[in-house]
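First comes the structure, then the notes that go with it.
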Amino acid sequence: MIYEGKAITVNMIEDGIAELKFDLQGDSVNKFNRVTLEDLKAAVEAIKGNSNVKGVLVTSGKDVFIVGADITEFGEAFKKSEEEIAAWCLEANQIFNAIEDLPVPTLTAINGIALGGGFEMCLSTDIRVMSEGAKVGLPEVKLGLMPGFGGTVRLPRVIGADNAIEWICMGAENRADKALKDGAVDAVVAADKLKDSALAMLKSAIAGEINWQARREEKTSKLKLNAMEQMMVFETAKGFVAGQTKGQYPAPIEAIKTMQKAANGGRDKALDAESKGFAKLAKTTESQALIGLFMNDQLLKKKAKGYDKTAKDTKKAAVLGAGIMGGGIAFQSALKGTPIMMKDIAEAGIELGLSEANKLLAKRVEKKKMKPLEMGETLNRIRPTLSYAEFGDVDTVVEAVVENPKVKKMVLAELEDKVREDTIITSNTSTISIDLLAADLKRPENFLGMHFFNPVHMMPLVEVIRGAKTSPEAVATVVAYAKKMGKTPIVVNDCPGFLVNRVLFPYFAGFAGLVRDGADFQAVDKVMEKFGFPMGPAYLLDVVGIDTGVHANEVMAEGFPDRMKADFKTSMEVMYENKRYGQKNGVGFYKYETDKKGKPKKVADQAAYDLIAPVVAERKEFTAEEIIARCMIPMCIEVARCIEEGIVETPNEADMGLIFGIGFPPFRGGACRYMDTVGMAEFVALCDKFADLGNLYKPTARMREMAANGESYFG
Ligand SMILES: NC(=O)c1ccc[n+]([C@@H]2O[C@H](COP(=O)([O-])OP(=O)(O)OC[C@H]3O[C@@H](n4cnc5c(N)ncnc54)[C@H](O)[C@@H]3O)[C@@H](O)[C@H]2O)c1
C-alpha cells in the first residue's frame, strides 16, 4: 500500500507498477469533489516519494471512471471573486501537472464514462486505453463553463485544434470508436480485456517500446499550427459558433478564444489562460442559470423517485382518442415498451393515429436509430380498437378526446364502467379543471390529469395534475408511467391552465396589449426570439393554433377574470373570426408556404395587418426593453402566484416546467431564475412602471415583501 485515502488508493500490483484507483467511499460514482482532489494530490506525492515505482496505472473501482466535477460544490465555489476562482483553478492544475511530470510512464484504463474533470484526468496521463462501452468527453459548455483542469490545454495538443474545438464546443459524450478515430485514446478493447491490455501497454512503455516522453512533450509544448493555420481554424470556428449560439451562450466562444490565446505557448501559459477563461465564465449569469437547471433536474429526478414506493406499474395502458395527441401518446408508450390500446369512435381517427406512429418509426429506421424488426415490435404494441372489449386488464388510461367538458365527462363516465376498480384514469385536457371532470365520477381518487405537450415524442414535459380527491397512489402511478415513457413529470395542483398554460396566457396577454398599442407583431416576435424563445408569441400562437388559443384564453379569462379577461378585442380574436387558425390551415399572423423539405415556412402577410388595423393603434416603435418587460412581467408574476398558491411546490419545478413546456430560454434558467437575475427589488420597480396596464402587471404582496427583504428564489 502506497497511499490510502477516502477517494483514492495506490497499491503496488506488480513489480514496479503502482495502481492508482479512484473509488469514492460512500458514493455510487466517482466524481471530482474536494475530497477527491485532496486525495489525488496526496496520492501523487506518495508515488513521487516511492523510488520503486516504474509505471503508474490509473483505474476506477466503480462502473464509471469519473463522471466529472461535483456540481453541487459549484454554488459555494463560484461565490468567490473571479481572481480567486482563477487562482483556485491554477492550484488544482498543479496536481494534474504533477501527474503529467512523474518520472515514470502513466496510463489510464477508462472502464466507464469519463467526463469533464474525469476525462481531463485521463488526458494528464501519457497513454489512454478505453473499454468499448465507455464514453469520454468535455461537456462543461452545457453548464455554461469550459474545461478548467487542463482540457483546453491538452486536448487540442493531443487530437488537433479542429477536433478539440468540436469536442469542447459541442460538449458531446463520445463513444469509443469516435475517441479512437480522433486520437483521444490509444486503444479500445473489450471490457473484460481492459486491465490486461492496459498493463501490457504500460509494460511496453516501461520497457521503452512506447515513446511516452514524446507524448508528454507534445502535450506540454505549443500547438503544431502555423499562424495562418491558426487563424483559419480559430476564426472560422468562432464565426460558426457565434452563428449557432446567437450571442446567448458565451462559453463555447470563450473556450475557442482561450485555445487560440494559448496556441503559441507552453503548458504554463495555456493553463493560465484557461484558468482565467474558466473563472470569467463561472461568474456569468448564463452559467448560474445552466448549473441551476442541472440542480433542478436532479431535484425532479429525486422527487420522481420518491413516488416509486407507492406507484403501481403500468403494464398495459390505453388511450382514448386517436387524434394528434392520442396518436402521439400511443407511439411514445409503445416506443418505450408499454403496450397500449388506442380507442377511437371513428375508423378514420384510428388510421390517422396509426399512420402517424408509422411515419415516426419509419424515420427512426431511416436514420438507423432503430432496426426494422424493432419497428414492427413497436407497432405491435399499439392495439387499435373501436370498442372497450379489452379494457378489463388495463392499468392506466389516458383520455385524449376533443377538448369539450361535456364530451369528456360522458366518455369518462362510460370508461369507468369498462375498467377495473383500481385502474387509474387520466385526462390529457389542456385547460379543463380536473375537479370539474372528476365531479360525477364514482372513483375520483383514481382520476387525475396527465398533460402531454405537442408533439408528444419531442416535448419532454408531462404535467401530472392532482385533483382535490386524487389519491397519492394514483399520482405516484402516473408519475411512474410518465417516467417509463421517457418523460419528465412535474406534479402540480389543479387550477385553470394548470402551471404551464396558466403562465403562458398572461404572456400572450402582454403580447396582445403591445399589438393593441401599435407594436408590429413581427417586431415583437424578433425581440422575444432574440431574448431566447424558440419562437416569438405571434408565431407561437400560429403553431399552437389560433382556435385552440382563443378557446384556452376563454377558459383562463373565466378562471382569472380579474386579470386575464381582456377589455378589448385582441388581434388573436380577429384572426379567429377570419378563420386564420395558424399553421394548421396555412394562415394566421403569418402565411405558411411549404419549403423544399416539405416543412411549413412562415412568410409575412399584409392581409393579417389589414385585418387587425381596426383594433390596433397607429404603428409605434417600442424599444426591445419595453417589449420584453410587457411580455415577461405578466408571465413572471403568474409564476410567482403559482408558487404562492402551492400550484407548484418549488421554484425549481416551476422553472423546469417553463423550460420543458414552453421553451423558456435555458440560459436564463426559467422565470424564477430570471427574476433573481434582475433582482426582485428591480423587478417590482419595473412592474410598477407598467402599473397602468392593469392587474397583470401588479406584483403580489409576497413579491413586494421579497423585494423589501432582499430575498430571492434561489438564495
Ligand atoms: N393538440 C394539442 O396541441 C394539445 C396539447 C395538449 C393537450 N391537448 C388536449 O388533448 C386532447 C385531444 O386533442 P387533439 O389535438 O389530439 O384532438 P384531435 O381532434 O386531433 O383528436 C381527438 C380524437 O378523439 C376522437 N374522439 C372523439 N370522441 C371520442 C370518444 N367518445 N371516444 C374515443 N375517441 C373520441 C376523435 O375521433 C379524434 O380522433 C384535448 O383535450 C386537447 O385539449 C391538445
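Please find, among Ile424, Ile434, Ile382, the residue that is within 14 Å of the ligand (Cβ to nearest atom) and buried (at least 22 other Cβ atoms within 10 Å of the Cβ). First the steps, then the outcome.
Numbers: Ile424 fails: within 14 Å of the ligand (Cβ to nearest atom); Ile382 fails: within 14 Å of the ligand (Cβ to nearest atom).
Within the list Ile424, Ile434, Ile382, the selection yields Ile434.
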Going through segment 439-460 one residue at a time, which ones are out of contact with any Asp or Glu (no Cβ under 9 Å at 6 or more places or on another chain) and open to solvent by less than 20 Å² (accessible area, probe 1.4 Å)? Val456
Considering every residue within segment 591-601, establish whether at least one is among the β-branched types (Val, Ile, Thr), open to solvent by 60 Å² or more (accessible area, probe 1.4 Å) and under 25 Å from Val503 (Cβ atoms). no
Within segment 660-670, considering residues that are open to solvent by less than 20 Å² (accessible area, probe 1.4 Å) and in a helix (DSSP H, G or I), the one farthest from Val492 (Cα to Cα): Phe667
Determine which single condition Asp313 fails, assuming it passes every other condition in (1) under 22 Å from Lys142 (Cα atoms); (2) touching a residue at least 24 places away in the same chain (Cβ under 8 Å); (3) open to solvent by 60 Å² or more (accessible area, probe 1.4 Å). (1)
Considering each of Thr108, Thr72 in turn, give the residue that is of a type in the set (Val, Ile, Thr) and buried (at least 22 other Cβ atoms within 10 Å of the Cβ). Thr108
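Residue check: is Glu414 open to solvent by 40 Å² or more (accessible area, probe 1.4 Å) and within 14 Å of the ligand (Cβ to nearest atom)?
Spelling it out, Glu414 is indeed open to solvent by 40 Å² or more (accessible area, probe 1.4 Å) and within 14 Å of the ligand (Cβ to nearest atom).
Going residue by residue through segment 504-516, is there one that turns out to be closer than 30 Å to Phe622 by Cα, in contact with a Lys or Arg (Cβ under 6 Å, 6 or more places away or on another chain) and modelled with pLDDT under 95?
Initially, segment 504-516 is screened for residues closer than 30 Å to Phe622 by Cα, giving 504-516.
Cutting the leftovers down to in contact with a Lys or Arg (Cβ under 6 Å, 6 or more places away or on another chain) gives us 510, 514.
In the following step, the residues that additionally are modelled with pLDDT under 95 were identified as none.
There is no residue in segment 504-516 that is closer than 30 Å to Phe622 by Cα, in contact with a Lys or Arg (Cβ under 6 Å, 6 or more places away or on another chain) and modelled with pLDDT under 95.
Could you tell me which of the residues Asp562, Asp605 is farther than 15 Å from Asn501 by Cα and touching a helix residue (DSSP H, G or I) at 6+ places or on another chain (Cβ under 8 Å)? Break it down into steps so the answer makes sense when it comes.
On the way: Asp605 fails: touching a helix residue (DSSP H, G or I) at 6+ places or on another chain (Cβ under 8 Å).
Of Asp562, Asp605, the one residue that is farther than 15 Å from Asn501 by Cα and touching a helix residue (DSSP H, G or I) at 6+ places or on another chain (Cβ under 8 Å) is Asp562.
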Single match in Val402, Val398, Val419 (criterion: open to solvent by less than 10 Å² (accessible area, probe 1.4 Å) and either in contact (Cβ under 8 Å) with a residue 12 or more places away in the chain or not in a helix (DSSP H, G or I) (or both)): Val398
Across segment 674-715, what is the number of residues that are open to solvent by 70 Å² or more (accessible area, probe 1.4 Å), in a helix (DSSP H, G or I) and in contact with a helix residue (DSSP H, G or I) (Cβ under 8 Å, 6 or more places away or on another chain)? 5
Only one residue in Gly518, Gly497, Gly532, Gly513 is more than 16 Å from the ligand (Cβ to nearest atom) and within 17 Å of Phe660 (Cα to Cα). Which one? Gly532
Members of segment 348-362 that are small (Gly, Ala, Ser) and near the ligand (Cβ under 8 Å from one of its atoms): Ala348, Gly349, Gly353
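Just the residues that are of a type in the set (A, V, I, L, M), open to solvent by less than 10 Å² (accessible area, probe 1.4 Å) and touching a helix residue (DSSP H, G or I) at 6+ places or on another chain (Cβ under 8 Å), please, taken from segment 461-478.
Leu461, Val462, Val464, Ile465, Ala474
Does Asp567 meet the test of being part of a loop (DSSP other than H, G, I, E, B) and on the phi < 0 side of the Ramachandran plot? I'd like the intermediate steps shown before the answer.
Details: part of a loop (DSSP other than H, G, I, E, B): yes; on the phi < 0 side of the Ramachandran plot: yes.
Yes, satisfied.
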Can you tell me how many residues within segment 309-347 are within 11 Å of the ligand (Cβ to nearest atom) and charged (D, E, K, R)? 3
Checking the conditions here, which among Gly486, Gly392, Gly467, Gly449 is under 25 Å from the mean Cα position of the chain (by Cα) and more than 12 Å from the ligand (Cβ to nearest atom)? Gly486
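The values are calculated or read from the model by the stated rules, or taken from the named source; none is laboratory data. If you're wondering where the values come from, they're calculated on a predicted model, not measured in any experiment. So basically every Cβ, Gly included, is an ideal-geometry build from the backbone, and we count neighbours across all protein chains shown. SASA here: full protein model, heavy atoms, side chains in, ligands and nucleic acids out. Shrake-Rupley method; radii C 1.70, N 1.55, O 1.52, S 1.80 Å.
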